[in-house]
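Undergrad: Below is a structure I'd like to ask you about.
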Amino acid sequence: MRITLSVIKADVGGYVGHSSVHPDMLETIREVIREEVKKGNLIDADTLVCGDDTALVMTHTHGVDSEIVHGIAWKAFEKATQVAKKLKLYGAGQDILSTAFSGNVKGMGPGVAEMEFEERPSEPVIIFFADKTSPSAWNLPLYEMFADPMVCAGLVIDPKMHDGFTFEVLDTYTGKAVKLSTPAELYELLALIGAVERYAVRNVWRNHDGEIAATASTQRLSLIAGKYVGKDDPVMIVRAQAGFPAVGEILEPFARPWIVEGWMRGSHNGPLMPVSFRYATPTRFDGPPRVIAAGYQLAEGKLIGPRDLFDDPAFDKAREQAQIIADILRRQGIFEPHRLPSEEMEYTTLPKILKKLEERFYEVEAPKKPVEETSEKHDVD
């Protein structure tokens, strides 16, 4: 059976502040998707919450970028926005950047991750959902899941994975993408995805047969809206087992926290903390950034689950380390490297401050000229 799994998320109102989603909003969204399942437009549907964001998890046979499915998500988020406005919740409708649905929610605010595949005899999938961070948060774990044999033993042990995986990397500034095959082009891949302010992994395919392995939302709200309206809070779908990394190999990267951009006002670096559904409520300095992992088994398109995969004491140390990293970074206060560099502050209020002070700057030194490149090539030590 050929199935499409769509995960569409949005922040349409925070309760309280940016920490959670009000139950009335969640119930409104659930009413919409339950009705669509009854109508036959969806095979099955579920909701996930991380911080002040809600994700719709939907299975269907309409393919990716379906106007029907995207329309369902848009309707659900619009109705939830009305609830948020009635309750005077913070940032009501902040991810809804258009007043009218145009057939596809991409470029209109919500984040989207979708994949279409033939359902296997056993089809386990994991949906990762993060809050207070950006799409590039997935670059490191996707590399470790699908290209690092020190993390994913299946790359060595499973013959179906010996040929490696191909990564599609998006340049979020230009909208252009490039496909890089690993292990052959591993260094080129790392050169790009290590620049997290610009590049984000969009899709991963298995080289053995071209099967889709993972897909992630790559929408950046500030680049869509032209100003800061909230962090992107990405979602990601990863298929597991039988020619793909095992569930444990997929989760392994999250056992050691790494630093991502986002956190308070979308303007700070902080550790990505793996948490259970219960603790996906960032409050300290609106963080630290959180990620949940929802495991499902698909059965003829039905969603069996979710299993709360980070609700495991094995991740306690990662949570403890994340708190230590948070303390160290918070010691920096408003100073870099806790605060993002000026280039990344372009869509915050910093340009307004610079504009206000523009005429008060005066010259005390000659302007520094950039070093011109010469045709002569030099080795780098």
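Undergrad: Please enumerate the residues belonging to region 282-307 that are part of a loop (DSSP other than H, G, I, E, B), farther than 19 Å from ALA216 by Cα and either open to solvent by less than 20 Å² (accessible area, probe 1.4 Å) or touching a helix residue (DSSP H, G or I) at 6+ places or on another chain (Cβ under 7 Å) (or both).
TA: Within region 282-307, the first condition is being part of a loop (DSSP other than H, G, I, E, B), and the residues that meet it are 282-283, 285-286, 288-289, 300-301.
Checking which are farther than 19 Å from ALA216 by Cα leaves us with 282-283, 285-286, 288, 300-301.
Matches in region 282-307: PRO282, PHE285, ASP286, PRO288, GLY301.
Undergrad: Given the criteria assigned by the TED database to the domain that holds THR281 and at pLDDT 95 or above, does GLU320 qualify?
TA: yes
Undergrad: Six or more apart or on different chains, Cβ under 8 Å: which pairs go from a residue in region 202-220 that's at negative phi to one that's β-branched (Val, Ile, Thr) and not in a strand (DSSP E or B)? Could you list them?
TA: Hits for this filter: ARG202/THR218; THR218/THR172; ARG220/THR172.
Undergrad: Does region 353-365 contain at least one residue that is of a type in the set (A, V, I, L, M, F, W, C), in a helix (DSSP H, G or I) and closer than 23 Å to VAL196 by Cα?
TA: Keep residues of region 353-365 that are of a type in the set (A, V, I, L, M, F, W, C), which gives 353-354, 357, 361, 364.
Narrowing the set further to residues that are in a helix (DSSP H, G or I) leaves 353-354, 357.
With the extra rule that they be closer than 23 Å to VAL196 by Cα, the set shrinks to none.
No - not one qualifying residue is present in region 353-365.
Undergrad: For PHE310, work out the one condition from (1) in a loop (DSSP other than H, G, I, E, B); (2) open to solvent by 60 Å² or more (accessible area, probe 1.4 Å); (3) touching a Phe, Trp or Tyr at 6+ places or on another chain (Cβ under 9 Å) it doesn't fulfil.
TA: Condition (2) is where PHE310 drops out.
Undergrad: Which one of VAL151, VAL156, VAL169, VAL178 is more than 20 Å from LEU251 (Cα to Cα) and open to solvent by 10 Å² or more (accessible area, probe 1.4 Å)?
TA: VAL178
Undergrad: Same structure again: Filter region 199-228 for residues that are part of a loop (DSSP other than H, G, I, E, B) and closer than 19 Å to GLY270 by Cα; which is modelled with the highest pLDDT? Before the answer, list the steps.
TA: As a first pass, look at region 199-228 and keep what is part of a loop (DSSP other than H, G, I, E, B): 207-211, 217-220, 226-228.
Next, only the ones that are closer than 19 Å to GLY270 by Cα stay: 220, 228.
Working: ARG220: 66, TYR228: 49.
Among them, the one singled out is ARG220.
Undergrad: Quick one: which of VAL196, VAL156 is more than 30 Å from TRP74 (Cα to Cα), outside any strand (DSSP E or B) and either out of contact with any strand residue (DSSP E or B) (no Cβ under 6 Å at 6 or more places or on another chain) or of a type in the set (Phe, Trp, Tyr) (or both)?
TA: None of the other options fit; the residue is VAL156.
Undergrad: Mind checking which residues of region 326-340 are open to solvent by 40 Å² or more (accessible area, probe 1.4 Å) and more than 21 Å from the chain's Cα centre (by Cα)?
TA: Hits for region 326-340 are ASP327, ILE328, ARG330, ARG331, GLN332, ILE334, PHE335, GLU336, PRO337.
Undergrad: Separate question: What about TYR187, is it in contact with a Leu (Cβ under 6 Å, 6 or more places away or on another chain) and either modelled with pLDDT of 95 or more or surrounded by 23 or more Cβ atoms within 10 Å (Cβ to Cβ) (or both)? Give the steps one after another, and end with the answer.
TA: Details: in contact with a Leu (Cβ under 6 Å, 6 or more places away or on another chain): no; either modelled with pLDDT of 95 or more or surrounded by 23 or more Cβ atoms within 10 Å (Cβ to Cβ) (or both): yes.
So TYR187 does not fit the description; no.
Undergrad: Could you list, in sequence order, the residues of region 97-133 that are within 15 Å of the chain's Cα centre (by Cα) and among the hydroxyl-bearing types (Ser, Thr, Tyr)?
TA: THR133
Undergrad: Taking region 105-116 as the region of interest, how many residues are buried (at least 17 other Cβ atoms within 10 Å of the Cβ) and out of contact with any Lys or Arg (no Cβ under 7 Å at 6 or more places or on another chain)?
TA: Residues meeting the conditions: 7.
Undergrad: Separate question: Can you list residue pairs whose Cβ atoms sit under 6 Å apart, with the first residue in region 87-112 being within 16 Å of ILE72 (Cβ to Cβ) and the second being open to solvent by 30 Å² or more (accessible area, probe 1.4 Å) and among the β-branched types (Val, Ile, Thr)? Count only pairs 6 or more apart in sequence or on different chains.
TA: Every condition considered, the pairs that remain are GLY109/ILE96.
Undergrad: Residues in region 37-55: is at least one open to solvent by 10 Å² or more (accessible area, probe 1.4 Å), in a helix (DSSP H, G or I) and in contact with a helix residue (DSSP H, G or I) (Cβ under 9 Å, 6 or more places away or on another chain)?
TA: No, region 37-55 contains no residue that is open to solvent by 10 Å² or more (accessible area, probe 1.4 Å), in a helix (DSSP H, G or I) and in contact with a helix residue (DSSP H, G or I) (Cβ under 9 Å, 6 or more places away or on another chain).
The values are calculated or read from the model by the stated rules, or taken from the named source; none is laboratory data. Only a predicted model underlies this, so the values are computations on that prediction, with no experimental measurement involved. Glycine also receives a Cβ, built like all others from the backbone with ideal geometry; neighbour counts cover every protein chain displayed. Protein only, heavy atoms only, side chains kept; ligands, DNA and RNA dropped before computing areas. Shrake-Rupley method; radii C 1.70, N 1.55, O 1.52, S 1.80 Å.
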